[in-house]
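J.: The structure follows.
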Amino acid sequence: MNSPVVVIGAGLAGLTVALKLAHDRDVVVLAKRARTDSATAWAQGGIVGVLDIADSVDQHVDDTLKAGAGLVDPEIARWISEKSKSAVQWLVEVGVPFSPDPEGPLGLHLTREGGHSVRRIAHAADATGKAIHEAMLARCQSHPRIKIHEHWIALDLVTNRQCKTGSVDRCHGVYVLDIDRQRVESIAASAVVLACGGVGKVYRYTSNPDTSTGDGIAMAWRAGCRVGNMEFIQFHPTCLYHPQDRTFLITEALRGEGAQLKIPGAPPGQARLMRDHDARGELAPRDIVARAIDFEMKKHGIDFVHLDATHLGEEFLRSHFPTVYNRCKVLGIDIAREPIPVVPAAHYTCGGVVTDRYGQTDLRGLYAVGETAYTGLHGANRLASNSLLECVVIGTSAAEQILCAPHLETVAIPAWDDSQVENADERVVIAHNWDELRLLMWNYVGIVRTTRRLERALHRIELLKSEVQEYYSNFRVTSDLLELRNLLVCAELIVQSALERKESRGLHFSRDYPQTWPRSQPTILSPLRAVTRSE
């Protein structure tokens, strides 16, 4: 009997793989929180679809290449763009309630976001991710061959090192902590798919949910896989700045419809923030807008800037942006009558585990999809709403690859041995180290960087890694400990990648190397040796 395919992560990428496999394979999906908790559900904007006759694959690819600042793989960009129409059509078939337009392509309303030359974003009002995730979950939960485990967090991948078998290294399964029972399980798998999301929680301010702790990237690195472009962390320009909410995203589509960034207290003729930074104004790519906001905040000594949508009118705002309108209203901000205070925040991991277009990593039997992966699509800066598209396209191709792969013999996975470790109440230590790491990354490895700050950050990260590894080696594992361990690995990869890049490009801006070279290559890091406690 064949082992199931294990999908680690219950967002759009992971659920796409599960649904595409389930007609032929048993699939186990692991969600480390509730199954409804994922970055997908937080996405507001939408998904790219080259649908309109006024649009073309060439235009979409050109916009992607421009946003990616010279590091996008053009073949991958074209391949994914060509599949965008079928991806949107498939989501419609799954039951995603996109905002309709009887006169629009496929009967859908399309909006526009920063970096896009035309309207090509299919959306469900301003809560597209939530609508997509709910529809996908409903399909997966009703499928007899898909089993979803909640509150199960992966510790590490099981390879030949643990199984002591085989001449060609491959992934045989995964060690998983059942959080509710506080017991580590060993799961054999015919294939493992990393769909764990990004690493936004490594920063103090982020638009990401608590699940974004870089688990897939860290596990793949420890298993010997390469990672790419980890220096390119996208900071979304407009997250809400409010004492009661510092993670709520103000969708880019609001700027796409005409909302304006302004400097608080500036004279009316000088208030427009973007006028001196880019001819595209509020529709410039995210890296440019985020740096402009950061520059003006430091120049004027202010903690936030304003996003003014009052001229769009209450009726328009309530109908097109109900999520933003209602959340701000609850917090005492009437966006139809007053501007929204916003700041940049860590939003998307453009780098990740190196894969091909089928999600295949360097390790046989191991795949990575979604924000966990580096396919070459996003380059030095992700074009808005390309992320959900990548989840569906690469998720589909990964499933097809797994179905076509020859069945490999299942090997016995050694049980997790924690007989030599002790129980410990490390919550205070973990909380302290987590806070220190996130503040360190925000101050030293943020929107604008210097070599000295990066070197200082790396030194402190190495000390924190040693401290956490001591806990990991001597005490029973907990979810908090596992997440901090993974964040530290990812933080080190971000800093090492940033130190490797001797220029400023896209999302990586260095005061020591402000120039952009005519040609550049992705930053690919390769582990010399990956060691886990279970060896």
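The values are calculated or read from the model by the stated rules, or taken from the named source; none is laboratory data. Quick caveat: nothing in here was measured; it's all calculated off a predicted structure. Cβ coordinates were reconstructed from backbone atoms using ideal geometry, including for glycine residues, and neighbour counts include every protein chain displayed. Please note that ligands, DNA and RNA were not included when accessible areas were found on the heavy atoms of the full protein model with its side chains. Shrake-Rupley method; radii C 1.70, N 1.55, O 1.52, S 1.80 Å.
J.: Between LEU463, VAL393, SER186, whose Cα lies farthest towards the positive end of the dipole of the chain when Lys and Arg beta carbons carry +1 and Asp and Glu beta carbons carry -1, centred on the Cα centre?
T.: LEU463
J.: Listed highest first by mean packing, meaning other Cβ atoms within 10 Å per residue, what order do 338-344, 210-216 come in?
T.: Listed from highest to lowest mean packing, they are 210-216, 338-344.
J.: Test of understanding: what is the full-extension gain from ASP417 to ALA405, defined as 0.36 nm times their sequence separation minus their Cα-Cα distance?
T.: Working: separation 12, 0.36 × 12 = 4.32 nm, distance 3.18 nm.
Full extension from ASP417 to ALA405 adds 1.1 nm.
J.: Would you calculate a helix-derived [θ] at 222 nm for the chain, using -39,500 (n - 2.57) for each DSSP H run of n ≥ 4 and dividing by the full residue count, to the nearest 500?
T.: Numbers: 15 runs with 186 residues, N = 535.
Value at 222 nm, helices only, nearest 500: -11000 deg cm²/dmol.
J.: If I fit a long axis through the Cα atoms of helix 12-21 and take the longest principal axis of the Cα atoms of the chain, what angle between them do I get, 0 to 90°, rounded to 10?
T.: Tilt of helix 12-21: around 50 degrees.
J.: Could you pull out the GluC sites (Glu not before Pro) across segment 94-185 that fall in loop regions by DSSP (anything but H, G, I, E, B) with no more than 16 other Cβ atoms inside 10 Å? Kindly include the intermediate steps, with their values, before the conclusion.
T.: On the way: sites: GLU103, GLU113, GLU134, GLU150, GLU185; in loops: GLU103, GLU113.
The qualifying sites are GLU103.
J.: Just list whichever of LYS32/LYS147; LYS66/LYS201; LYS83/LYS147 have alpha carbons separated by over 20 Å in the model shown.
T.: Too far apart for the 20 Å limit: LYS66/LYS201; LYS83/LYS147.
J.: Could the peptides 155-163, 277-285 be put in order, highest first, of the mean number of other beta-carbon atoms found within 10 Å of their residues? Mind showing how you got there, number by number?
T.: Numbers: 155-163: 21.8, 277-285: 18.0.
Result, highest mean Cβ count within 10 Å first: 155-163, 277-285.
J.: Heavy-atom accessible area per residue, segment 8-153, 1.4 Å probe: how many Å²? Walk me through the intermediate numbers first.
T.: Values: 5610 Å² over 146 residues.
I get 38 Å² per residue for this part.
J.: Also: Please give the FRET efficiency for ASP303 paired with ALA54, using the beta carbon to beta carbon distance and R0 = 41 Å, rounded to the nearest 0.05.
T.: So the FRET efficiency works out to roughly 0.50.
J.: Quick check: pseudo-label points 7 Å beyond the Cα along Cα→Cβ at ILE179 and ASP245, how many nm apart are they?
T.: The two pseudo-label positions are separated by 2.3 nm.
J.: Taking the dipole about the Cα centre of the chain, with the C-beta of Lys and Arg at +1 and of Asp and Glu at -1, give me whichever of VAL92, ALA345, ILE447 is farthest to the positive side.
T.: ILE447
J.: Follow-up. Under 19 Å from a point placed 7 Å out from the Cα of GLU503 along the Cα-to-Cβ direction: which residues of segment 356-378 have their backbone N that close?
T.: Answer for segment 356-378: 376-378.
J.: Provide the FRET efficiency to the nearest 0.05 for the SER526-ASN326 pair, computing r from the beta carbons and using R0 = 51 Å.
T.: Calculated value: 0.60.
J.: What part of the accessible area of the chain, given as a whole %, is carbon or sulfur when the probe is 1.4 angstrom?
T.: Answer for the chain: carbon and sulfur cover 49 percent of the accessible area.
J.: How long is the gain from ARG161 to ARG337 if the chain were fully straight, where each residue apart is worth 0.36 nm and the alpha carbon distance is subtracted?
T.: 57.2 nm
J.: About its Cα centre, how strong a charge dipole does the chain have in debye, to the nearest 20, once Lys and Arg get +1 and Asp and Glu get -1 at the Cβ?
T.: Result for the chain is approximately 640 debye, rounded to the nearest 20.
J.: Got a sec? Which residues in segment 346-370 would a label at HIS143 touch, if it sits 7 Å along Cα→Cβ and we count backbone N under 19 Å?
T.: It comes to 358-360, 366-370, nothing else.
J.: Going by average Cβ density within 10 Å per residue, which order do the peptides 434-441, 383-390 take, highest to lowest?
T.: Put in order of decreasing packing, that is 383-390, 434-441.
J.: Calculate, for SER86 and GLN515, the FRET efficiency according to 1/(1 + (r/R0)^6) with r their C-beta to C-beta distance and R0 56 Å; round to the nearest 0.05.
T.: Working: r = 41 Å, r/R0 = 0.74.
Efficiency for this residue pair is about 0.85.
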